[in-house]
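Read through the structure below, which is laid out as structure tokens, and then see the notes.
Read-outs: derived from the displayed coordinates by stated rules, not from any lab. Since the model is a prediction, treat every value here as computed from it, not as a measurement. Cβ atoms come from the backbone with ideal geometry, glycine included; neighbour counts cover every protein chain shown.
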Amino acid sequence: MMTARPAPLSAAVKLDDSERQPCEIWTRVMGYHRPVSSFNTGKKGEFHERVAFREQPSGRR
């Protein structure tokens, strides 16, 4: 007996832009979390200019 393989997820799910749910981005500001959508224009610009980095270990013990 042969069983049918399920279609890959990317092929099985097709959504129009009108069906998608918007993703809300939150960030930590002054010790608490806030949604970026509640920021004023200046704070939104500052948020988008931020650069993420990963600190390298110093190699000392």
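Annotations
- Taking the Cα centre of the chain as reference, the dipole from Cβ charges on Lys and Arg (+1) and Asp and Glu (-1) amounts to some 460 debye.
- Percent of alpha-carbon pairs separated by more than 14 Å within the chain: 77 percent
- Ranked by how many other beta carbons lie within 10 Å on average, peptides 42-49, 19-26 from highest: 42-49, 19-26
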